[in-house]
């Protein structure tokens with residue numbers, strides 16, 4: 001089934017894109033959650049009228065994302081956590097922790113945009129990828145130290 005995306009959706013594409021998905025996926029997930037519209041001739045005509053607004057909106061969002069990515073470059077976050085003898089943490093550093101630490105530094109990032117490949121469960125330094133926009137990414141340095149060191 002062909003659908004028109006009404007919102008940016010990481011797995012499928014950006015707002016206004018025409019994508020082909022499974023019928024059940026469209027009917028049971030995308031359409032009820034207002035993520036997409038069925039690509040009927042009427043909906044296609046309506047979206048053609050909106051296309052310029054969507055393009056302007058994309059350009060603004062990309063510019064803002066590039067500014068945010070520039071603000072994130074070179075940022076180092078330090079976490080002091082309880083750790084065992086071998087440097088393993090009793091908990092872990094999550095994307096929520098990273099988002100909260102960034103917010104304290106004045107940079108607001110949605111925690112869903114923070115990509116942690118493996119859970120951070122030991123002391124050390126890590127590079128964490130942040131997908132600010134589908135085509136714009138940034139890297140933040142995360143340093144995990146033991147509470148006894150600080």
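If I fit a long axis through the Cα atoms of helix 41-72 and take the longest principal axis of the Cα atoms of the chain, what angle between them do I get, 0 to 90°, rounded to 10?
Result, in degrees: 20.
Based on the Cβ-Cβ distance from residue 66 to residue 88, what FRET efficiency comes out when R0 is 35 Å, to the nearest 0.05?
Details: r = 38 Å, r/R0 = 1.08.
The formula returns an efficiency of 0.40 here.
Arrange 115, 140, 107 by Cβ neighbour counts within 10 Å, fewest through most, would you?
Arranged by neighbour count, lowest to highest, 115, 140, 107 become 115, 107, 140.
For the stretch 2-62, take N as its residue count and report Rg(C-alpha) divided by 2.2 N^0.38 Å.
Rounded to two decimals, the normalised Rg is 1.09.
To test your reading of the geometry: what angle, between 0 and 90 degrees and rounded to tens, separates the Cα axis of helix 95-104 from the longest principal axis of the chain?
80 degrees
At 222 nm, what helix-only mean residue ellipticity would the chain give, in deg cm²/dmol to the nearest 500, using -39500 (n - 2.57) for each DSSP H run of four or more?
It lands at -9500 deg cm²/dmol.
If I take all pairs of Cα atoms in the stretch 71-146, what percentage of them are more than 17 Å from each other?
Every Cα pair in the stretch 71-146 considered, those over 17 Å come to 40 percent.
Can you sort 54, 4 by how many other beta carbons sit within 10 Å, fewest first? Before the final figure, lay out each step's value.
Working: 54 16, 4 19.
Neighbour counts put them in this order, fewest first: 54, 4.
Less than 15 Å from a label point 7 Å out along the Cα-to-Cβ axis of residue 104: which backbone N atoms in the stretch 76-95 qualify, by residue?
It comes to 76-82, 93-95, nothing else.
How much length, in nm to one decimal, is gained on full extension between residue 40 and residue 125, taken as 0.36 nm per residue of separation minus their Cα-Cα distance?
25.5 nm
Roughly how many nanometres apart are two label points built 7 Å out from the Cα toward the Cβ at residue 51 and residue 116?
4.3 nm
Viscosity 1.567 mPa s, temperature 4 °C: give me the Stokes-Einstein translational D for the stretch 1-138 in µm²/s, with Rh taken as the Kirkwood radius over C-alpha pairs. Before the final figure, lay out each step's value.
Working: Rh = 17.7 Å.
Estimated diffusion coefficient is 73 µm²/s.
Computed from the coordinates by the stated procedures, all read-outs in this text should not be read as laboratory data. Everything quoted here is computed from the prediction, not taken from an experiment. Note that we place each Cβ from the backbone using ideal geometry, even for glycine, and neighbour counts take in every protein chain shown.
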